[in-house]
Amino acid sequence: MPYYHIWTIGCQMNKADSERIAGYLERIGYEAAPRVEQAEIIVLNSCVVRQSAEDRVRNKLNALSSIKRGKILALTGCMVNSRVDGLRHRFPHVDIFFKPQAFLEFWQFLVERELAPGELKPDLLLPLKPAPSAFVPIIQGCDRFCSYCIVPYRRGRERSRPVEEILCQVRWLVERGAKEVTLLGQNVNAYGHDLPQKPDLAYLLDQLNQVDGLARIRFLTSHPRDMSDRLIEAVARLDKVCEHLSLPLQAGDDDILRAMRRGYTAEQYRELVERIRYAIPGVGLSTDVIVGFPGETERQFERTFDMLCQLRFDTVHAACYSPRPGTIAARKLVDDVSAEEKTRRREKIEELQEGIATEINSQLLNQTVEVLVEGRKKGKWQGRTRTNKLVFFADDGDPLGKLVNIRVEKTSPWALQGSLAHENGG
Ligand code: SAM
Ligand code: SF4
């Protein structure tokens with residue numbers, strides 16, 4: 001059987017796109033290559049949200065030139081913009097560039113080379129064997145235009161998928177073994193505003209909650225501006241919707257938030273977190289922050305730091321600001337915080353968060369948590385709690401895809417370790 005290889009970096013949306021491409025290739029007879037050298041088709045799914053991600057893609061592309069010989073090399077993801085000529089010039093060994101969501105171009109390319117059948121039935125795009133936890137994109141693109149962010153330029157305006165289409169896909173996945181779905185969108189809670197009936201995310205969650213056999217529903221990423229009370233109420237009420245929200249703060253200083261064009265103040269964000277925690281007790285909260293945004297003073301950084309101290313998130317992704325071509329910040333503002341200073345600020349946040357996560361997770365010691373088993377790593381089974389805590393445990397059986405109760409025996413800032421609890425009947 002011929003082999004393929006897909007390399008992915010970036011957000012969950014990229015992972016979902018890669019799963020779709022892998023699903024298609026497997027359905028037409030390809031198999032995942034044990035080693036990249038053996039692959040006949042190589043797809044790189046790129047990210048350009050920060051310069052560091054773009055550098056990794058470039059290095060990967062350059063490294064592949066030495067093993068290219070006769071292989072098909074495709075580049076997709078946010079590195080591919082409307083002007084492909086520049087990319088062609090820089091990477092002449094790449095055979096095809098296609099934008100995210102332009103899968104048809106890739107398919108046509110394969111058909112022309114007689115590497116794929118000339119008919120594309122919709123079910124060819126579904127995975128052969130869905131994972132216990134599956135990604136389901138529900139809205140593409142972003143209309144928000146935060147001043148630092150390249151996503152709206154590369155992924156276009158918001159386009160929601162119809163409710164019925166999403167329901168069909170989820171039922172299909174569940175019939176084949178999926179237990180959990182994560183609904184994806186760069187701004188997932190803007191879902192539906194562009195559809196004729198204007199359904200919202202709360203309505204979609206309500207519909208999905210009724211799918212038999214589905215155990216858990218998640219969604220990300222939420223924009224604080226679009227986190228309505230109706231949505232918070234739906235998360236609190238619907239039994240399958242997990243108590244976990246990804247709610248990027250980005251900064252704790254109002255002037256920086258304004259320059260970022262985030263559309264909320266630090267106080268509004270704080271109140272939102274209070275409302276969420278009141279309505280959804282025990283909710284796990286993740287956030288993103290950017291340090292070293294143009295003009296960010298030490299005092300302004302301290303406001304972000306203090307807010308993280310006070311709000312005590314379960315996870316924080318801190319990133320150094322990176323000017324992205326074409327964005328408002330890159331065009332109008334000077335990237336005046338040095339790389340060393342950005343790193344210092346990021347590390348200060350990481351150190352703070354390590355302490356906070358250590359304390360939060362240690363409260364789970366000797367507790368029993370429900371885990372959906374998603375796979376194996378380093379000889380242990382791995383899964384997540386409803387609040388999105390990563391859990392590892394040993395078991396000689398085959399619990400893959402099952403919901404099991406795990407008694408937590410060890411905690412760290414990043415994960416929990418435990419063993420099957422007696423509640424499982426074992
Ligand atoms: N839509 C989400 C939101 O509202 O924040 C996040 C999507 S964005 C692609 C993922 C994360 O990348 C952001 O939360 C932000 O922290 C980070 N990011 C985006 N642009 C960046 C930039 N120019 N420099 C550094 N980090 C950036
Ligand atoms: Fe980028 Fe802002 Fe859209 Fe998130 S909401 S994808 S940060 S523009």
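The single condition among (1) surrounded by fewer than 19 Cβ atoms within 10 Å (Cβ to Cβ); (2) in contact (Cβ under 8 Å) with a residue 12 or more places away in the chain; (3) not basic (Lys, Arg) that VAL43 does not satisfy is (1).
Evaluating GLN169 against the criteria (1) within 16 Å of ligand 2 (Cβ to nearest atom); (2) open to solvent by 20 Å² or more (accessible area, probe 1.4 Å); (3) polar (S, T, N, Q) leaves one unmet condition, (1). The set of residues in region 1-16 that are within 12 Å of ALA74 (Cβ to Cβ) and either assigned to a helix (DSSP H, G or I) or of a type in the set (Ser, Thr, Tyr) (or both) contains only TYR4.
In the set ALA329, ALA318, which member is open to solvent by less than 30 Å² (accessible area, probe 1.4 Å), outside the structural domain of THR385 (by TED's automatic domain parsing) and without any contact (Cβ under 8 Å) to a residue 40 or more places away in the chain? If you could, list the steps in order and put the result at the bottom.
Working: ALA329 fails: without any contact (Cβ under 8 Å) to a residue 40 or more places away in the chain.
On inspection, the qualifying residue turns out to be ALA318.
Residues in region 153-189 that are in a helix (DSSP H, G or I) and within 16 Å of the chain's Cα centre (by Cα) were compared, and the one that is modelled with the lowest pLDDT is ARG155.
Which ones in region 243-291 are β-branched (Val, Ile, Thr), in contact (Cβ under 8 Å) with a residue 24 or more places away in the chain and away from ligand 1 (no atom under 12 Å from the Cβ)? Steps first, please.
Within region 243-291, the subset β-branched (Val, Ile, Thr) is 256, 265, 273, 276, 280, 283, 287, 289-291.
Filter once more, so that each one left must be in contact (Cβ under 8 Å) with a residue 24 or more places away in the chain: 256, 273, 276, 280, 283, 287, 289-291.
ILE256, VAL273, ILE276, ILE280, VAL283 - these are the residues of region 243-291 that are β-branched (Val, Ile, Thr), in contact (Cβ under 8 Å) with a residue 24 or more places away in the chain and away from ligand 1 (no atom under 12 Å from the Cβ).
Name the residues in region 205-222 that are within 9 Å of ligand 1 (Cβ to nearest atom) and open to solvent by less than 10 Å² (accessible area, probe 1.4 Å), would you? Break it down into steps so the answer makes sense when it comes.
First pass over region 205-222, keeping only residues within 9 Å of ligand 1 (Cβ to nearest atom): 220-222.
Selection gives SER222 alone.
Within region 367-381, the residues that satisfy the criterion of being out of contact with any Ser or Thr (no Cβ under 7 Å at 6 or more places or on another chain) and surrounded by fewer than 19 Cβ atoms within 10 Å (Cβ to Cβ) are GLN367, THR368, GLY375, ARG376, LYS377, LYS378, GLY379, LYS380. Given the condition in contact (Cβ under 8 Å) with a residue 40 or more places away in the chain, surrounded by fewer than 16 Cβ atoms within 10 Å (Cβ to Cβ) and not in a helix (DSSP H, G or I), answer yes or no: does some residue in region 382-392 qualify? No. Restricting region 29-40 to residues that are open to solvent by 10 Å² or more (accessible area, probe 1.4 Å) and part of a loop (DSSP other than H, G, I, E, B) leaves a set whose member that is farthest from SER65 (Cα to Cα) is GLY29. Which one is farthest from the chain's Cα centre (by Cα), of the residues in region 350-381 that are part of a loop (DSSP other than H, G, I, E, B) and in contact (Cβ under 8 Å) with a residue 24 or more places away in the chain? For region 350-381, the residue satisfying everything is ASN366.
Of the residues making up region 190-239, those that are in a helix (DSSP H, G or I) and touching a strand residue (DSSP E or B) at 6+ places or on another chain (Cβ under 8 Å) are ALA190, LEU201, LEU204, LEU205, LEU208, ASN209, ALA234, VAL235. For PHE219, state whether it is more than 21 Å from TYR148 (Cα to Cα) and within 16 Å of ligand 2 (Cβ to nearest atom). Answer is yes for this residue. Restricting attention to region 158-177, the residues that are more than 14 Å from ligand 1 (Cβ to nearest atom), in contact (Cβ under 8 Å) with a residue 24 or more places away in the chain and more than 16 Å from GLN210 (Cβ to Cβ) add up to 6. Among the residues making up region 275-290, a single one is more than 15 Å from ligand 2 (Cβ to nearest atom) and closer than 14 Å to LEU308 by Cα: LEU285.
The values are calculated or read from the model by the stated rules, or taken from the named source; none is laboratory data. Small disclaimer: the values here were computed from a predicted structure and weren't measured. Cβ coordinates were reconstructed from backbone atoms using ideal geometry, including for glycine residues, and neighbour counts include every protein chain displayed. Protein only, heavy atoms only, side chains kept; ligands, DNA and RNA dropped before computing areas. Shrake-Rupley method; radii C 1.70, N 1.55, O 1.52, S 1.80 Å.
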